[in-house]
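Down below is the structure, laid out as structure tokens.
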Amino acid sequence: MRDASGNIIYCTSASSSRSPPRRACPLLHSLLCTLLLRRRHVGNMPVLLSRGGAPVVVVGSWFPFCALVTFPLVAGSVALVTAFLVVPYAPVWVYCLYLPLAAGVLLALCGVACSNPGLVPHTPDISDEAKRAGTHVWNDRVGSWRPKGSLYCGTNDVVVEKYDHFCPWTGTAIGRGNMFFFKAFVIGVNALCYVTVFVVVYLAVFERGKS
């Protein structure tokens, strides 16, 4: 289904004429999302870029937390280690190990925070064959059929395909559309922590010993 502007209608409480749940994190939302309020929303998720009526770049209702806490925390830590340890003391191979890993973590964070998590289109009716096959389940909250495995995210007020959980650190729901970026971010940020400890110990023990 599409609206008058040609945009795809997705499963939200608005599509069933129900009042949407309150946004989580209203204070942070008001701090950063003033410019986003005029954007098209799917549920509580502002759409920054769409193509063919489908969201391509869409952020979650906790995007301000990601932008004001998670991203600065990761980027700031990398900047401090780079400025005070890597640049003054580290050999070239440390640059080649640490900086690409840090950049990959930040890119993965942007990917999971801004990707379409797998929004499910509003489907008020399905074929009799689909009903008999049991591939879809009726959801009263959104007044629509949803594929099995997709679940309603109350924080973002959307139904997400292969919904896993809502992640406040990335500010959005985690589902089929951004699961790859989420796994890359989790693995990358853990690897970055271990590599940072390794770099600090290496520089403290071996490079200090050389000097």
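Structure above, values below:
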| item | result |
| --- | --- |
| Number of the exception - ALA191 against (1) at pLDDT 90 or above; (2) small (Gly, Ala, Ser); (3) crowded, with 18+ Cβ neighbours inside 10 Å | (3) |
| Cβ pairs under 9 Å, 6+ apart, first in the stretch 176-199 and closer than 19 Å to VAL94 by Cβ, second of a type outside the set (S, T, N, Q) and not in a helix (DSSP H, G or I) | VAL199/ALA90 |
| Flag if SER127 is touching a residue at least 40 places away in the same chain (Cβ under 8 Å) and of a type in the set (Ser, Thr, Tyr) | no |
| Residue in the stretch 110-125 that is closer than 21 Å to PHE166 by Cα, of a type in the set (A, V, I, L, M, F, W, C) and surrounded by fewer than 20 Cβ atoms within 10 Å (Cβ to Cβ) present | yes |
| Every pair of residues 6+ apart whose Cβ atoms lie under 7 Å, when the first sits in the stretch 66-77 and is acidic (Asp, Glu) while the second is at pLDDT below 95 and surrounded by 18 or more Cβ atoms within 10 Å (Cβ to Cβ) | none |
| Conditions (1) in contact with a strand residue (DSSP E or B) (Cβ under 6 Å, 6 or more places away or on another chain); (2) under 28 Å from THR82 (Cα atoms); number of the one not met by THR170 | (1) |
| Residue check for VAL81: under 15 Å from VAL195 (Cα atoms), more than 24 Å from the chain's Cα centre (by Cα) and surrounded by 17 or more Cβ atoms within 10 Å (Cβ to Cβ) | yes |
| Wholly within the stretch 99-211, strands (runs of 3 or more DSSP E) carrying at least 2 residues that are over 12 Å from the mean Cα position of the chain (by Cα) | 136-139, 144-147, 151-153, 158-160 |
| Answer from LEU109, LEU119 - the residue that is among the aliphatic types (A, V, I, L, M), touching a strand residue (DSSP E or B) at 6+ places or on another chain (Cβ under 7 Å) and in contact (Cβ under 8 Å) with a residue 60 or more places away in the chain | LEU119 |
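The values are calculated or read from the model by the stated rules, or taken from the named source; none is laboratory data. Computed from a prediction, not measured in an experiment: that's the story for all the values here. Please note: Cβ atoms are built from the backbone with ideal geometry, for glycine as well, and neighbour counts cover all protein chains shown.
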